[in-house]
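Presented below is the structure to which this report refers.
Coordinate-derived values only; no laboratory data. All values derive from a computational prediction rather than experimental measurement. In this analysis, Cβ positions are derived from the backbone assuming ideal geometry, glycine residues included, and neighbour counts consider all displayed protein chains.
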Amino acid sequence: MKTLKIIKQNDSCCTIAKDIEVEETFNELNKNLPTVIIGAGPIGLAAAAHLVEQNQSFILLEAGKEIAHNIRTWGHVTLFSPWRYNINKAAKALLEDTDWKAPDLETIPTGHELIDLYLKPLAELAQIKSYIQLNSKVVGISRQLNDKMKSKNRVNQSFKIYVEKGNDVKIIEAKAVIDATGTWGNPNPANSTGVWLQTEKVLADHIEYGISDIKVNSTRYANKKIAVIGGGHSAINTLLSLAELQKENPSTKLVWIMRKKSVEEAYGGEEKDELEARGALGIRIHELVDTGKIEVVTPFCISMVKKDGKINIVGTLNGEQKVLTGFDELIVNAGNRPDFTINSELRLSIDNVTESVQALAPLIDPNEHSCGTVRAHGEEILRQPEKDFYIVGAKSYGRAPTFLMATGYEQVRSITAYLSGDEEASKRVELELPETGVCSINLVNQSNTCC
């Protein structure tokens, strides 16, 4: 314990050092304070389960009105990995001490089932429930008495988490922070350059970002001309749902727009994929394209979407300018990006290409890797210049789409072990994944851009 004695001689914010004496006592890294976890999705709740296992105090903050609020928005979607990859080990151990009935580990859940059969029972456990704060939006994180610029004694200062709840703001003090807020709800635009234009923003009533629940929104899309933009699994899920609507409403016209050199690159491993459900997506979409139910436009780089009676999509196809016309609705599945607004007063190391954690970037670059070729990684890789602050889960991957839930579970297992003082456990690798390098074909040689 060390003590600095300081005397404050005036109230000016500009008082120079020699005019001030401050008395402050530093404890051992604020060891009696909790770890704050931001985001009560699968990864945040897994972090909580591991901290319970290690007898460490925590607070879990969730901006939504229920846990896993973001997942609920795409709850109608079926995951492509079975339950055995989606249940965290520490969480499972806690749940098995109750009357919880585990799902069949070889079946594949929807988003709703992931919440209702696993995450909600986990959040209801006595060891976790009382430490969850819902409707609690984090708006900023800093060090006590310090903004980003201040270095002296920085690592000895606790974190201050600023939380909006209703019309009130409260400040929570923490010894460590785990940011598991993800990227959902912060989508990329239709524009291939990633720039948001006003011409796209004014079409908000005719554009959905993410995987729409077509059954709920059937009247919006039935017998309309719809463009689905994006070349990944989200776009495929959207198209498959629209194809079901098309069966009952044959005037529904579906156009799939993406940047890949050929549509075959979007099919993935099909029957060769070790994750059978994901392979099935490729097989089904392949059939719909071959039978003409879905028109494909690729490689197409969008430069602008704008309204001219109907919606027009301006871009280039094989280097030549082209305008795709007559659309009623757009569904944009162009991925998401991280939002670092709440982290702006912390010292971060973020890759300037992927916007992922810097040390993680070479391991997850989608130009080189698919989901199954990203090797396990933990605390050491995720460590930030801001000591005891970690970005985990999908947000740690930035714009890279190669994140798997099981990888996030391994991240928080390692981090919570380190924060609990078990450095040896934090360095172990306790993750086994299927060989899912077939997420995309020939990643090294393919080009995802046409511009």
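Overview of results
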quantity: Qualifying lysines (Cα of each under 16 Å from Cα of K101; at least 8 residues distant if same chain); calculated: K89, K92, K120
quantity: Dipole of the stretch 84-132, positive direction: furthest Cα of L119, P109, T98, with charges on the beta-carbon; calculated: L119
quantity: Computed FRET value (nearest 0.05) for W196 with N312, which takes r as the C-beta separation and R₀ as 22 Å; calculated: 0.80
quantity: ³J(HN,Hα) computed for each position of the stretch 48-62 - Karplus, 6.51 cos²θ - 1.76 cosθ + 1.60, integer Hz, glycine/proline x; calculated: 4, 4, 5, 5, 4, 4, 9, 6, 10, 7, 7, 10, 10, 9, 10
quantity: The stretch 82-127 - charge dipole about Cα centre, Lys and Arg +1 at Cβ, Asp and Glu -1, debye rounded to 20; calculated: 160
quantity: Net length gained if the chain between K129 and K427 were fully extended (0.36 nm per residue, minus Cα distance); calculated: 104.3 nm
quantity: Proximal lysines to K293, defined as alpha-carbon separation beneath 17 angstrom and excluding residues fewer than eight positions away on the same chain; calculated: K224, K225, K247, K253
quantity: Label-to-label distance, nm, for residues given as S218 and Q144 (7 Å Cα→Cβ offset); calculated: 5.8
quantity: Dipole magnitude of the stretch 215-259, debye to nearest 20 (Cβ charges: Lys/Arg +1, Asp/Glu -1, about Cα centre); calculated: 140
quantity: Paramagnetic label zone (point 7 Å from Cα along Cα-to-C-beta, K170; backbone N under 12 Å) in the stretch 126-143; calculated: 131-137
quantity: Amide H within-cut-off set for F327, under 5 Å, with H built and near neighbours excluded; calculated: I311
quantity: Formal net charge of residues neighbouring G44 (Cβ-Cβ distance under 12 Å; K, R +1; D, E -1); calculated: -1
quantity: Burial order of peptide ranges 212-219, 85-92, 387-394 (average beta-carbon count within 10 Å, highest first); calculated: 387-394, 85-92, 212-219
quantity: Chain lengthening between V353 and K137 when straightened (0.36 nm per residue, less Cα-Cα); calculated: 75.0 nm
quantity: Contour excess over end-to-end distance, with Cα ends at D290 and W100 and 0.36 nm allotted per residue; calculated: 63.9 nm
quantity: Estimated dipole of the stretch 317-429 in Debye, rounded to 20 [Cβ of Lys and Arg +1, of Asp and Glu -1, Cα centre]; calculated: 120
quantity: Ranked packing of 397-406, 280-289, most packed first, by mean Cβ within 10 Å; calculated: 397-406, 280-289
